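What follows is one structure encoded as structure tokens, with my remarks underneath.
No value in this document is a laboratory result; all are computed from the given coordinates. Everything numeric here is computed off the predicted structure, so don't read it as measured data. Note that we place each Cβ from the backbone using ideal geometry, even for glycine, and neighbour counts take in every protein chain shown.
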Amino acid sequence: MRRWLGWLAIGWLLLLCAVALVLYGATPAHPSLADQSRAVAAQLRCPVCQGESVADSSSALAANMRRIIRHDLARGQSPDQIKAYFVARYGTWILLAPPSAGLSGVAWLAPPLLLLGGVGLLLVLVLDWRARGRRTDPAAAGAEAYLERVRAELAAEIE
Amino acid sequence: MRRALWALVVAVPLIVLLALGFRHDPNAIASPLINKPAPAFVLHSLDGRTVSLHQFRGRPVVLNFWASWCVTCIAEHPYLAQAWRSYGARVAFVGVDYQDNLSDARHFLQRRGGGWPALRDPGQQTALNYGVGKIPETYFIDASGVVRYKEAGMVDPHILDTQINRLLGGRR
């Protein structure tokens, strides 16, 4: 019964996480030009700042980059075309998230692989501990006769 | 023994990765424009002339992004002036004033000299077209209009001579 309750709690937790992810990731069906340009600017690194996006930076260069983004979106260019313009000038360094293709793809693969590796390691360790526990359990190791003798000796001592 | 082996298996690749990472300068970003046509521009100089990159076709161009407020630009200016005098008409020197005040830029040139065109860059469009980040940055463009080298940071006589001689095909 208690085990079922545990599984139920984990199920609820996963469901809540999934709902939160969907709500957080939800985008309006028709984002405004300002929303679109902010979304593109948020994906670009400010070239004169330390780890700041073009959307968040107050530098003049970032402001001019935002102006170009807005202008190009208004002209009908896609976010990918605008990002490609900056990548052609600054390289993929300008993208805050590394591209998933090529060598940079390792950056995307590494976290899930490390997570999987961690879970695997944990599983192996838990199984190993359980097996050791069984091996060192006197009853499981066939030490019942020995324990019986110890008990008898103890009883004799007490008497 | 097995534990030591595992520690080695984990530690050695980590140390190798860190060693490689620390050897790499995170600010040294290779320009994707190298060996590509230099982005064209038509800009106005501080004294009101119209200057385009195209008008220098047939001559190597040293394109320097600078500003009067940039301390490193003050340090490299004498080297640029020296190279400009030394190479004469064989090489075109062009300065693009980056995010600067017009009177400050004029005062800078009056005080420090420099007879090559100094261009204004409204909206930093040309700087963005060249992928300029932190100035000074200098682009070495060959006679056919192809970017051959980018120096992010200060140029010195050695860099200027090496790159200009490359553009001139070894002729000094």
Next item on the list: Please list, in chain and number order, the residues 5+ apart from A:Cys46 or on another chain whose amide H is under 5 Å from its amide H, with Hs placed from the backbone.
Entry: A:Glu52, A:Ser53, A:Val54
Item checked: Rounded to whole Hz, the Karplus (6.51, -1.76, 1.60) HN-Hα couplings of region B:62-77, x for glycine and proline -> 9, 9, 10, 9, 9, 7, 5, 8, 8, 5, 5, 5, 5, 5, 8, 4
Notebook entry, point to check: Once the Cα atoms of helix B:2-23 and of chain B are each reduced to a long axis, what angle between those two axes, in degrees from 0 to 90 to the nearest 10, is obtained?
Noted result: 10 degrees
Note to self: With θ taken as phi - 60° and the coefficients 6.51, -1.76 and 1.60, list the Karplus ³J(HN,Hα) couplings across region B:115-127 in order, rounded to whole Hz; mark glycine and proline as x.
What the structure shows: x, 8, x, 10, 9, 8, 10, x, x, 6, 4, 5, 4
Notebook entry, point to check: Across all directions of projection, what mean area in square nanometres is found for the Cα convex hull of region B:5-134?
Noted result: 11.1 nm²
Checklist line | Computed lengthening from B:Asp156 to B:Leu14, 0.36 nm per intervening residue step minus Cα-Cα distance | finding: 47.4 nm
Notebook entry, point to check: Out of residues 5 or more away from B:Val96 or on other chains, whose amide H comes under 5 Å of its own, with H placed 1.01 Å from N in the peptide plane?
Noted result: B:Asn64, B:Phe65, B:Trp66, B:Leu119
Margin query: Test of understanding: what is the full-extension gain from A:Ile158 to A:Arg134, defined as 0.36 nm times their sequence separation minus their Cα-Cα distance?
Written below: 5.5 nm
Notebook entry, point to check: Using the Karplus equation 6.51 cos²θ - 1.76 cosθ + 1.60 (θ = phi - 60°), what ³J(HN,Hα) coupling, rounded to whole Hz, does each residue of region A:91-98 give in order, writing x for Gly and Pro?
Noted result: x, 5, 4, 5, 7, 5, 9, x
Notebook entry, point to check: In nm, to one decimal, how far is the A:Glu144 label point from the A:Ser32 one, both placed 7 Å along Cα→Cβ?
Noted result: 7.9 nm
Notebook entry, point to check: Amide H neighbours of B:Val146 under 5 Å, counting only residues 5+ apart in sequence or on other chains, H built in-plane at 1.01 Å?
Noted result: B:Ala38
Checklist line | Calculated FRET value between A:Ala18 and B:Ala30, using beta carbons and R₀ = 41 Å, to 0.05 | finding: 0.50
Next item on the list: Report the FRET efficiency, 1/(1 + (r/R0)^6), for A:Arg75 and A:Val126, where r is their Cβ-Cβ distance and R0 is 41 Å, rounded to 0.05.
Entry: 0.10
